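Have a look at the structure below before the remarks.
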Amino acid sequence: MDIMTGVGLVAGLIVISVMMIMGGDLHMFISEHAMIIIFGGSVSATMIRFPLSALLHGLPLGAKFAFTMSRLSAHDLVDELARIAEIARKQGPVGLEKVETDEPFLAKGIRYVADGYDLDFIRDNLERDRDNFLMHLDEGSKIYRAIGDCAPAFGMIGTLIGMVQMFANMTDPSKLGPFMATALLATLYGALVANLFCLPIADKLHGKLLDEETNRTLIIDGILMIRDSKSPTLVREMLLAYLPEKHRHAEGEPVPA
């Protein structure tokens, strides 16, 4: 689990709640009208921007990956692929049938090699799988960013609506306060939805997309080398090129100058 996403959200909510409590009652910051204009308007505008298929894939996938981490890091994948290459060298493709891994994408590649599929088939299927996954994850990032872009704008719209209602009822002083509160709360809700939730998640998903692209490309190259019967040492050295220089060496091992 990606603890930082949850910690950041909780910390932000605590800070905002404390500021609200210090200034009075929390109930004064609740407005059904402001919620309707922010959430209803943002969702409606997002539905116009994206097709239904993108929303159905992007929203849940984005929510899932914003709060989860990859099962294996890139360095762990290099070690895992080198270990698998060693098994394939000693026992042949049949020996891979008993290999277990926590990474589903890697498990699929191992199964292809164990079943004896040719190199082109493995490459085409794994690359298609990777590209489809990255496309859906990118859709998730764009959807959350779109909601984050819409929320402040609809907050302003809610503010304008509240001000129109307020000025239209200037003859009744008892209505001025509620209309002004609705106007200001719409802006507040829009800013919170955008800056505490949607835009940070969109940025988090973009970072996860880059990591997943690196990891899955690394897996594809490693599986293809294993299928081509490359030595474990060669597999490791080739895949280490995906890692930053400081991460290419085990802990305690000197890094070349």
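The values are calculated or read from the model by the stated rules, or taken from the named source; none is laboratory data. Everything numeric here is computed off the predicted structure, so don't read it as measured data. Cβ: placed from backbone, ideal geometry, glycine included. Neighbour counts: every protein chain shown. Accessible surface areas use protein heavy atoms only, side chains included; no ligands, DNA or RNA. Shrake-Rupley method; radii C 1.70, N 1.55, O 1.52, S 1.80 Å.
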Would you be able to tell me the number of residues in the range 131-143 that are of a type outside the set (Asp, Glu) and open to solvent by 40 Å² or more (accessible area, probe 1.4 Å)?
-> 4
Can you name every residue in the range 81-107 that is within 23 Å of Gly207 (Cα to Cα) and open to solvent by less than 40 Å² (accessible area, probe 1.4 Å)?
-> Glu103, Phe105, Leu106
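Residues are listed down the side, and each one gets a yes or a no for (1) at pLDDT below 90; (2) of a type in the set (Val, Ile, Thr):
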position	(1), (2)
Ser31	yes, no
Val43	no, yes
Arg49	no, no
Ala74	yes, no
With respect to the numbered conditions (1) basic (Lys, Arg); (2) farther than 29 Å from Pro104 by Cβ; (3) modelled with pLDDT of 90 or more, which one is the sole condition not fulfilled by Lys175?
-> (3)
All positions within the range 166-190 that are touching a helix residue (DSSP H, G or I) at 6+ places or on another chain (Cβ under 6 Å) and not aromatic (Phe, Trp, Tyr) = Met166, Asn169, Leu176, Met180, Thr182, Ala183, Leu185, Ala186, Thr187, Gly190
Residues of the range 107-122 being under 17 Å from Arg83 (Cβ atoms) and either of a type in the set (Phe, Trp, Tyr) or in contact (Cβ under 8 Å) with a residue 60 or more places away in the chain (or both), which ones?
-> Gly109, Ile110, Val113
Residues being of a type in the set (Asp, Glu) and open to solvent by 70 Å² or more (accessible area, probe 1.4 Å) - total across the range 144-180 | 1
